[in-house]
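Take a look at the structure set out below.
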Amino acid sequence: MTSPLKPRRSVLYMPGSNARALEKAKTLDVDCLILDLEDAVAPDSKAMAREQIVSAVKGGGYGDREVVIRVNGLDTPWGEDDLKAAIEAGPDAVLVPKVNEPADLQRVAHKLVLGQAPASLKLWAMMETPLAMLNAAAIGACGRDPEVRLSCFVMGTNDLAKETRAQLNPGRAVMLPWLMTCLTAARAGGIDILDGVYNAFNDMEGFAAECAQGAEMGMDGKTLIHPKQIEACHEAFSPSEEEIAWARKINDLFDLPENANKGAIQVDGKMVERLHADMGLRAIAIADAIAARSKS
Ligand code: COA
Ligand code: MG
């Protein structure tokens, strides 16, 4: 990817109808915010939430945090107005719910062009329907199409459980095929992917385990529902000191003249290839981006 690495470890949802949350978000140590107009907002509050979000985003004060507005689908009574409001507000991205196929994103992207949204306004896609699981590769491929401007997948595990009737239990065994399918589709399309939310926000042990699982899968970060979840999330999705030390060590070894012509070397009893050194460079770049963010 050509754009600079952006840490997307912690991505906190908040209902657009909750003015206090929109304000509090300016002080939270979080990488991204999703200001929601969709499932977290009741039908009677949609118009109020839309106005609050526009004025909050226009008012600024969110610093380095990426700001994303989740709109209602274009097939709902609110979708068109939400999209117009999002263009007016100027967030970093618009999150499209319940995407089933590439055409769902293409339609939104076309409306962004008609509404003269800047090219810097990206699309994110909720992956949360049975059709999205079956069409994941085609949807992910939108990441390679500049006209669609897709930059991130967000797993919607609650909707997925509802629509498939699969149960969302600790360990998420039955969800793993979908999570990994979407992860693979995101990587094939060159985009980021965020894990679904953990509903029991007082269960810190269960939450930490699910964060660790998401990090192991290769997720870039996790969507959150409560500020309490931020710290453990950062713990899981930030490269550890040992990882960075190892990354530096193997890169230094490959830089030595005696290793210049080698593709694989032995380090501490393990085979290390140049691809491992490249993976290490990515971890270092993420750690640097996190450090730069926390300084600002
Ligand atoms: N974003 C920002 N601030 C939040 C927040 C969030 N998602 N959730 C809670 N807070 C704030 C509260 O405003 C409160 O702030 P205060 O102490 O300054 O008044 C503080 O954190 C403690 O909140 P708490 O009383 O523990 O939670 P609650 O009972 O008010 O709310 C939820 C619980 C689940 C309703 C709320 O966390 C929430 O709305 N989460 C997001 C839901 C969502 O957007 N879902 C859609 C996608 S799954
Ligand atoms: Mg949903």
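The values are calculated or read from the model by the stated rules, or taken from the named source; none is laboratory data. Not measured: the values here are computed from a predicted model. Glycine also receives a Cβ, built like all others from the backbone with ideal geometry; neighbour counts cover every protein chain displayed. Areas reflect the complete protein model, heavy atoms only, side chains present, ligands, DNA and RNA absent. Shrake-Rupley method; radii C 1.70, N 1.55, O 1.52, S 1.80 Å.
For the residues GLU38, GLU66, GLU80, the requirement of being more than 16 Å from ligand 2 (Cβ to nearest atom) and either touching a residue at least 40 places away in the same chain (Cβ under 8 Å) or on the phi > 0 side of the Ramachandran plot (or both) singles out GLU66. Can you name the residue in region 193-234 that is open to solvent by 50 Å² or more (accessible area, probe 1.4 Å) and within 16 Å of ligand 2 (Cβ to nearest atom) and, of all such residues, is farthest from PRO15 (Cα to Cα)? In this case the residue turns out to be ASN199.
Considering region 248-275, and only residues there that are under 22 Å from SER238 (Cβ atoms) and in contact with a helix residue (DSSP H, G or I) (Cβ under 6 Å, 6 or more places away or on another chain), the residue that is least open to solvent (accessible area, probe 1.4 Å) turns out to be ILE250. For region 51-73, filtered to residues that are in a helix (DSSP H, G or I) and touching a Leu at 6+ places or on another chain (Cβ under 6 Å), the residue that is surrounded by the fewest Cβ atoms within 10 Å (Cβ to Cβ) is ALA56.
Here is a check on your reading of the model: is LYS26 in contact with a Lys or Arg (Cβ under 9 Å, 6 or more places away or on another chain), away from ligand 1 (no atom under 14 Å from the Cβ) and either within 16 Å of ASP92 (Cβ to Cβ) or open to solvent by less than 10 Å² (accessible area, probe 1.4 Å) (or both)? Taking the combined requirement at face value, the residue does not satisfy it. The criterion of at least 1 residues that are in contact with a Pro (Cβ under 6 Å, 6 or more places away or on another chain) is met by the following strands (runs of 3 or more DSSP E) wholly inside region 118-200: 122-127. Within region 87-121, being under 14 Å from the mean Cα position of the chain (by Cα) and surrounded by 22 or more Cβ atoms within 10 Å (Cβ to Cβ) holds for ALA93, VAL94, LEU95, VAL96, PRO97.
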